[in-house]
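A short worksheet on the structure shown next.
The values are calculated or read from the model by the stated rules, or taken from the named source; none is laboratory data. Treat the numbers as computed from the prediction; the structure is a model and nothing was measured. FYI the Cβ positions are ideal-geometry reconstructions off the backbone, even for glycines, and counts take in every protein chain you see. Accessible surface areas use protein heavy atoms only, side chains included; no ligands, DNA or RNA. Shrake-Rupley method; radii C 1.70, N 1.55, O 1.52, S 1.80 Å.
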Amino acid sequence: MMKDNIRDLLKEKHGILLAHNYQPPEIQDVADLCGDSLELSVRAAQTDAEVIVFCGVHFMAETAFILSPDKTVLLPRSDAGCPMADMVTPEALKALLKQLPPMPVVTYVNSTAAVKALSTICCTSANAVEVVESLEAEEVLMVPDQNLANYVADRTKTHIHPWEGYCPIHHSLTPKDVQQAKESHPKAVFLAHPECPREILELADVIASTSGMVRYAGASDSDEFIIGTEVGLLYPLQSQNPEKRFYPASERMVCPDMKKISLEDVARSLETFDGEVKVPEDVRLPALKAVQAMIDLAL
Ligand code: 13P
Ligand code: SF4
């Protein structure tokens, strides 16, 4: 069986398989750890495996390499990217920084290593407010997600300058979608991801990262939940809470990049080391400072 083959290859190559919560069920089932961006980066920094197979998108594998440059980091499909990460380039960021007064740059991990390298500190959806507050700055620039920036702006006194990027999947969720889901499931709790637009977050009962949603649903007394994030999260939610019911806020919330990696891709990558991700040292070191600053906060 393909899954046994992958586990054998992982043993043989001293590898660990990390998967994001949006990955297809068969990938989550074979992984050593599934998690949100923060949990996966912390684990990538801690493992003593020689090979990290990252089932997610390119910026996640890059972050793993930034933290563990002595390891082989594999992204089984090198074309799995994040459209939001590509909405800011180092050149465009440098140009904006020239126009603004000096201020810290808080960069969402959903960004390229070259953009992280120009940043003061990174954040994830699980810790963005606390990261901004830790700086004790009057104003900060948040890159690249305008929705995460607005979410933070509504919860802190710090003045936030948002970059205009967005996740196409979360940004497309409309209040009408949410109203329809609420009408169909009137008893359900509505959970939304901070990458959703402000008008969606205003309708939410709970706002959380993907793993935050899994923890909330497990601990909650409620039996039904409407899930305002990428539909891949329904798999861990449902399998960890078989007695509860989970409904997507919209069936359209599918990230094609998160669905690219197959079990065959994982096996091939482990056999051939095809899809190795590296970052040059002159980019890695400044990017590491920003990622490590976030991890050191231990939020
Ligand atoms: P989290 O799992 O950190 O909430 O991230 C969501 C996401 O969009 C990752 O691409
Ligand atoms: Fe990027 Fe959005 Fe896909 Fe996450 S869900 S990888 S933020 S496009």
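The residue of the range 79-96 that is surrounded by the fewest Cβ atoms within 10 Å (Cβ to Cβ), among those that are closer than 24 Å to ALA149 by Cα and not aliphatic (A, V, I, L, M), is GLU91. Total residues in the range 153-169 satisfying the condition of being open to solvent by 80 Å² or more (accessible area, probe 1.4 Å) and either on the phi > 0 side of the Ramachandran plot or away from ligand 2 (no atom under 16 Å from the Cβ) (or both): the figure is 4. Note on the range 230-248: among residues that are of a type in the set (Ser, Thr, Tyr) and within 20 Å of ASP29 (Cβ to Cβ), the one that is farthest from ligand 2 (Cβ to nearest atom) is SER239.
Selection within the range 208-229: residues that are surrounded by fewer than 16 Cβ atoms within 10 Å (Cβ to Cβ) and closer than 21 Å to LEU299 by Cα. The member of this set that is farthest from ligand 2 (Cβ to nearest atom) is ALA219.
Taking first residues from the range 249-260 that are more than 11 Å from ligand 2 (Cβ to nearest atom) and partners that are part of a loop (DSSP other than H, G, I, E, B) and open to solvent by less than 20 Å² (accessible area, probe 1.4 Å), the Cβ contacts under 9 Å between residues at least 6 apart in sequence or on separate chains come to ALA249/LEU173; ALA249/CYS196; ALA249/THR229; SER250/LEU173; ARG252/LEU173.
For the range 243-270, a residue qualifies if it is surrounded by 13 or more Cβ atoms within 10 Å (Cβ to Cβ) and part of a helix (DSSP H, G or I), and the qualifying residues are ASP257, MET258, LYS259, LEU263, ASP265, VAL266, ALA267, ARG268, SER269, LEU270.
None of ASP145, ASP177 is within 21 Å of ILE227 (Cα to Cα), within 12 Å of ligand 1 (Cβ to nearest atom) and charged (D, E, K, R) except ASP145. Of all residues in the range 97-151, those that are crowded, with 20+ Cβ neighbours inside 10 Å, more than 14 Å from LEU38 (Cβ to Cβ), β-branched (Val, Ile, Thr) and more than 16 Å from ligand 2 (Cβ to nearest atom) total 4. Applying the criterion of at least 2 residues that are more than 16 Å from ligand 1 (Cβ to nearest atom) and either within 26 Å of GLU195 (Cα to Cα) or open to solvent by 30 Å² or more (accessible area, probe 1.4 Å) (or both) to the helices (runs of 4 or more DSSP H) found wholly in the range 6-78 leaves 25-30, 58-67. In the set (1) out of contact with any helix residue (DSSP H, G or I) (no Cβ under 7 Å at 6 or more places or on another chain); (2) over 22 Å from GLY56 (Cα atoms), the condition left unmet by GLU199 is number (1). Restricting the range 176-207 to residues that are among the β-branched types (Val, Ile, Thr) and under 20 Å from the mean Cα position of the chain (by Cα), the residue that is surrounded by the most Cβ atoms within 10 Å (Cβ to Cβ) is ILE200.
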